[in-house]
Amino acid sequence: MTTDEHYLIKNIHQASALLKPYRLEIMKMLDEPRTCSQLAEVFSDSPQKIYYHIKILEKAGLVKKVDQRQVRGIIESFYQAAATSYWLSPEVVGELGGSQQAKSKLSLHYLLDMAEQVHNEVGQLAQYNEEEPPTLGVSAQIELRSGNEREAFMAELQAAVQSLAEKYGRIQSDQPGSIPETFQLMLACYPQPSQK
C-alpha cells in the first residue's frame with residue numbers, strides 16, 4: 001500500500017480517535033504493516049485490546065488494512081497508518097469568543113485567524129499535491145519604537161505590496177491565453193515573544 005505523506009484531520013471524531021496516548025503509541029508502530037498480535041507483543045498487551053483500538057483508528061480513516069495472511073493457522077490482518085504525518089486543523093477546536101473579536105485587523109484574534117487559514121491551506125497543499133507546490137516564504141525582524149513608526153511602516157508596507165500586486169497582475173493579464181496561478185499573500189507583524 002502507498003502511504004500518503006500528510007493527512008489533515010478536520011473533524012472532531014478523527015481527532016478524538018487519534019488523540020489518546022495509547023493510540024498515538026500504536027500509530028507510531030504502524031509506519032509499516034503489522035498485525036494486532038505483533039503489536040500486542042510490543043506493548044505487552046492482549047491482541048483483543050489492540051484490535052479494539054485499531055478498529056477505532058480504522059473507522060476514523062487513520063489506519064488501513066493492507067493485507068491478510070494465515071499466521072500459525074489463524075487468518076490475521078495487517079494494518080498500517082494512512083499517512084506518515086498528521087496535521088490537526090484549528091477548525092477542530094474552533095475560536096473561543098466568537099467571530100466579533102476577530103474583525104479588527106489590529107487585534108491578536110485577527111492574526112490568529114490568519115494563522116489558522118495558513119495552517120489549513122498549507123496542510124491541504126501538503127496532503128493533496130503529489131509534487132512540491134511552488135510556495136514562497138519571507139520572514140524579517142524589525143524594530144519599531146513608537147506608534148508613529150508603526151503607522152509609517154504600515155503605510156509603506158501597504159504601498160509596496162499594492163505596487164507589486166498591480167505590477168504582476170498586469171503582467172499576467174497582458175499574456176492572452178495563459179492561465180495564471182493564484183497565490184495567497186498574508187503579512188503579519190507582532191511583537192517578538194519573550195525568550196525567557
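Here are a few things to note about the model shown:
- Per-region count, region 62-83, residues at pLDDT 90 or above and surrounded by 15 or more Cβ atoms within 10 Å (Cβ to Cβ): 11
- Residue match in region 68-79 (condition: of a type in the set (A, V, I, L, M, F, W, C), part of a strand (DSSP E or B) and within 29 Å of G123 (Cα to Cα)): yes
- Number of the exception - C36 against (1) in contact with a Pro (Cβ under 8 Å, 6 or more places away or on another chain); (2) surrounded by fewer than 17 Cβ atoms within 10 Å (Cβ to Cβ); (3) not β-branched (V, I, T): (2)
- Test: residue in region 42-60 that is outside any helix (DSSP H, G or I) and under 18 Å from S89 (Cβ atoms): yes
- When residues of region 1-16 are limited to those that are among the aliphatic types (A, V, I, L, M) and under 17 Å from the mean Cα position of the chain (by Cα), the one modelled with the lowest pLDDT: L8
- For the residues A102, A159, A140, A115, the requirement of being of a type in the set (G, A, S) and modelled with pLDDT of 85 or more singles out A159.
The values are calculated or read from the model by the stated rules, or taken from the named source; none is laboratory data. What you see is a predicted model, and the numbers here were worked out from it, not measured in a lab. Methodologically, a virtual Cβ is constructed for each residue, glycine included, from the backbone with ideal geometry; neighbour enumeration extends over all protein chains shown.
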